[in-house]
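Undergrad: Below is a structure I'd like to ask you about.
Each reported figure results from applying straightforward, stated rules to the coordinates on display, with no laboratory input. Remember, it's a predicted structure, so these values are computed and weren't measured experimentally. Neighbour counts run over all protein chains shown; Cβ positions are idealised from the backbone, glycine included.
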Amino acid sequence: MAHRAKPQPPLVMPEGIKVLDGDVDEVVIIPLGGAQEVGRSCIYLSWRGRSVLLDCGLHPALRGRAALPRLEEVDLVQCEALLVTHFHHDHCAAAPYLVGQTTFRGRVLMTHPTRAVLRGLLTDTVRLARQSGEEALYTEEDVEETLRRVETIDFRQTMDLDGIAVTALTAGHVLGSAMFLLEWDGLRVLYTGDYSRVPDRHLAAAELPLRPPDIVIAESTCGGALHESVAEREGKLTRAVGRTVLNGGRVLIPCVALGRAQEILLVLEEHWSRTPALANVPIYQASGQARRDFPLQPPLPSLTWPPVAAPRSLNAPPCPITPRPAAPKESTPRTWR
Ligand SMILES: [Zn+2]
């Protein structure tokens, strides 16, 4: 089906960003989503007649076509590739729309773990849209076609896309998350997607490219914020959980099912092992998605650092509980008894 997105208001560029007019020696960078907003990350990059898309996500707080990146702003026929940094909805969930419902015919690149998680995530997106009676942006066939088109890339591997060299670097954000270094015609661009320079219990920190890039397109949602140290935050969490549980209470910890849930379980497991009074207190992991995708992690030990300890918390007789949080703007809370 041809791309027939509803006309949207003209793209308003954030102050200070200049869109060049596409002269042969100008680099054109157009954020089609994710600029001064959280969600639907999608960057168009063009240089000397070659162009690629970096990520293609949906806006988590918008529905239907309003959640899509502004794909109509660029010539999708000319886009040679889509590079997907990681499996979070706001970076990948519009990919089946791009592949199945527009004129885009380019290659699709991502890491092995991203592809492994993507099938369930995209199928869920189709199912949930159908259940809620929303306009479906794409079909199961579009999901299958997207997965079929995916070419996987390893960390530190460089792939040649007919003269565009793409290198995947670890991003330290979630399992399989990558930053991409693109090089062609003397230009070197680093696109980070979501990244972390602080290692945690199951992922290494984002790595730096061996040679400095000319341009860095970086995620900066929390770039201006000062956070407490990891030790301070973990101390607050474990003290609050331990105090509540030992007083007979229960603790709900809403967290993202993949990545954050595993990290919190490892934090709790470490605290449990240091606190004899908690030894017999079970921990529940209450997320079907995490249970489904967690087994992906052990077979891919080279992608995690340090290696993940056996997740005792997941198999223990099931009281901290880490449920999956509701999506933004979803108003009906799930009931826990
Ligand atoms: Zn993310």
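Undergrad: Calculate, in nm to one decimal, what A205 and E145 gain on full extension: separation in residues at 0.36 nm each, minus their alpha carbon distance.
TA: Contour length minus the Cα-Cα distance gives 18.3 nm.
Undergrad: Quote the charge dipole size of the stretch 163-264 about the Cα centre in Debye, to the nearest 20; the model charges only the Cβ of Lys and Arg (+1) and of Asp and Glu (-1).
TA: Value, rounded to 20: 580 debye.
Undergrad: Moving on. Work out the length of the dipole vector of the stretch 28-217 about its Cα centre, built from +1 on the beta-carbon of each Lys and Arg and -1 on the beta-carbon of each Asp and Glu, and round it to the nearest 20 debye.
TA: 240
Undergrad: At a 10 angstrom cut-off on C-beta neighbours, averaged per residue, how do the peptides 121-131, 206-216 rank from highest to lowest?
TA: Descending mean neighbour count gives 121-131, 206-216.
Undergrad: Moving on. Rank by packing, highest mean first: peptides 53-63, 179-189, 260-270, 226-236, with packing defined as the count of other Cβ atoms within 10 Å averaged across residues.
TA: 53-63, 260-270, 179-189, 226-236
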